[in-house]
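Q: Quick one: the structure is below, and I'll ask about it shortly.
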Amino acid sequence: MRRGALVAGLLVAVAGCGNGQPSPGSTTSDATSASSSAGSGSPTTSGSTSASPSRTTTAAPPPTTSQQPTTTSAASCVDRAYNAMTSAQRVGQLFMTAVSSTGMTTAQAQAITAGRTGSVFLQGRTTQGTAAVKAVTAKVRALASPVRGVSLGMFVSTDQEGGQVQVLNGPGFSTIPSAVTQGTRSAATLQSDAATWGRQLASAGVNMNLAPVADTVPADQVAVNAPIGKLDREYGTDPSTVASHSTAFLRGMRQAGVVPSIKHFPGLGRSSGNTDFTAGVTDSVTTTDDAYLQPFRAGIQAGTPFVMVSSAIYTRIDPDHQAAFSSAVIRTLLRGKLGFKGAVISDDLGNAAAVADHTPAQRAVDFITAGGDVVLTVRPSDIAPMTSAVLSRMSASSSFRADVAASVRRVLTAKHNAGVLTCG
């Protein structure tokens, strides 16, 4: 009875992933081929972070070979892949578009092939089970843009948090409890459970989970926090519990060979609006030294390969830009202060009301300029204008070309670490 009827009106269909409510359908607009443009660069990555404030976390299991290759082999393979790619293929690695979990449409397939898209998101609930999902993911993987001399596949992702946010269901998939329930278990138990859920994803051909949620909702705001609290997506109401349990979930996924992504940096737990449905969602509390950043610090220390950034506005960090378009949030805070050196993925930049004030082209360019790496859009029709805008901007700006090069290398590194990129 903690929330009861409060959630009933929120379970409407939405073509988003970051704010939790998976839709029963998908966009099917056609996409046209993106043009090609030259450009490359030699990016560097920032240092690592420290200071895990977790309360009851267990030691991380030894990563598999595919998760943690030697630095030399990773760099060599990434260089080899990068140098063999066309500009359009490089740009395509920076995009994730949606595919219906019950079957890929012609328009969705065209968006992937025309945009050389490097990642996909399985969207819309299914109850058909692992075998049916594997048939879909196999067709998706067959569309990966071939690169001479290397094996470069796709990240195939979904939202498999548990509770009201579980896209894949049916035979072979557990019914995953909500994060609120997961938060009552020990961290060791949750890590073991998450490894089981991750193996189920892997058996269905899904190698990336856009989870866990690392947002903390204060106890007195649960009933009014639309994106997290009303949907039971928080592991607890204090940063320490959220840190220990989101990190346990993350480690379990990695143990199963599934790439996790903590979200929604720097936190949606103290805003009332849901960025999927509401423009101008604002957090007027979070600062660069905020205690509620603790779960993100813990996840970074635990080795999360991806961090998803939110589309809310954080007035005490950058009052002029949504976080997804904010260099202060991504470059200065996440990469600089917290030391994250992996890949930054956006929350949905397709249907989300929070970014409706930008055209699709502007969303892609502004996200990469701010320091982001993977643009997630659940609208396949966005891929053509987005990739074309990035290629065009590369032709006009050497600094933007360097940004793109750095982002492509971060994505390729993540793929190599996950066994999605291999070199003979």
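The values are calculated or read from the model by the stated rules, or taken from the named source; none is laboratory data. The model shown is predicted, which means the values in this text are computed figures rather than measured ones. Because the Cβ atoms are built from the backbone with ideal geometry, glycine has one as well, and the counts that use them run over all protein chains shown. Note: accessible area is taken over every heavy atom of the protein model, side chains too, but ligands, DNA and RNA are not part of it. Shrake-Rupley method; radii C 1.70, N 1.55, O 1.52, S 1.80 Å.
Q: Give me the accessible area of Tyr235, 1.4 Å probe, in Å² rounded to the nearest 10.
A: 10 Å²
Q: A follow-up question, please. Given a Förster distance of 25 Å, report the FRET efficiency between Ala202 and Ser76 from their Cβ-Cβ distance, rounded to the nearest 0.05. Present the calculation step by step, with values, prior to reporting the outcome.
A: Working: r = 26 Å, r/R0 = 1.06.
My answer for the efficiency is 0.40.
Q: Search the structure for amide H atoms under 5 Å from the amide H of Met308, placed 1.01 Å from N in the peptide plane, and list their residues when 5 or more places away or on another chain.
A: Under 5 Å from the amide H of Met308: Ile262, Lys263, Phe265, Ile345.
Q: Still on this structure, I have one more. Using θ = phi - 60° and the Karplus curve 6.51 cos²θ - 1.76 cosθ + 1.60, what whole-Hz ³J(HN,Hα) does each residue of the stretch 97-111 get, with Gly and Pro shown as x?
A: Per-residue couplings from phi come out as 10, 8, 10, 5, 5, 9, x, 6, 8, 4, 5, 5, 5, 5, 4 Hz.
Q: Counting only protein chains, not ligands or nucleic acids, how are Asp382, Asp357 ordered by accessible area (probe 1.4 Å), most first?
A: From most accessible down to least: Asp357, Asp382.
Q: Same structure, new question: Among 416-422, 160-166, 228-234, what's the highest-first ranking by average C-beta atoms within 10 angstrom per residue?
A: 228-234, 160-166, 416-422
Q: Express the relative contact order of the stretch 76-222 as a whole percentage, based on alpha carbon pairs under 8 Å and six or more residues apart in sequence.
A: Over the stretch 76-222, the number comes to 24 percent.
Q: How much accessible area per residue does the stretch 182-233 have, counting only protein heavy atoms and a probe of 1.4 Å, in square angstrom?
A: Spelled out: the 1.4 Å probe surface of the stretch 182-233, per residue, equals 27 Å².
Q: What does the accessible area of Thr126 come to, in Å² to the nearest 10, when a probe of 1.4 Å is used?
A: It works out to around 0 Å².
Q: For the stretch 390-403, in order, what is each residue's ³J(HN,Hα) by Karplus, 6.51 cos²θ - 1.76 cosθ + 1.60 with θ = phi - 60°, in whole Hz (x at glycine and Pro)?
A: Ordered by residue, 3J(HN,Hα) equals 5, 4, 5, 5, 4, 5, 9, 9, 5, 5, 5, 4, 5, 4 Hz.
Q: How much net charge surrounds Gly342 when only other residues with a Cβ under 11 Å from its Cβ are counted (Lys, Arg +1; Asp, Glu -1)?
A: Computed value for this residue: +2.
Q: Next question. Describe numerically, in nm with one decimal, the distance between label points set 7 Å from Cα along Cα→Cβ at Lys139 and at Ser272.
A: The modelled label-to-label distance comes out at 4.4 nm.
Q: Set the Förster radius R0 to 45 Å, insert the Cβ-Cβ distance between Ala188 and Ser327 as r into 1/(1 + (r/R0)^6), and round the FRET efficiency to 0.05. Can you show the working numbers first?
A: Details: r = 39 Å, r/R0 = 0.86.
Calculated value: 0.70.
Q: Given bins 10 angstrom wide, list per bin the percent of all Cα-Cα distances in the stretch 138-217, short to long.
A: The percentages, shortest bin first, are 16, 44, 25, 13, 3.
Q: Would you list which lysines come within 30 Å of Lys415, measuring only between C-alpha atoms, while excluding same-chain residues fewer than 8 positions from it?
A: Cα-Cα hits under 30 Å: Lys134, Lys139, Lys263, Lys337, Lys341.
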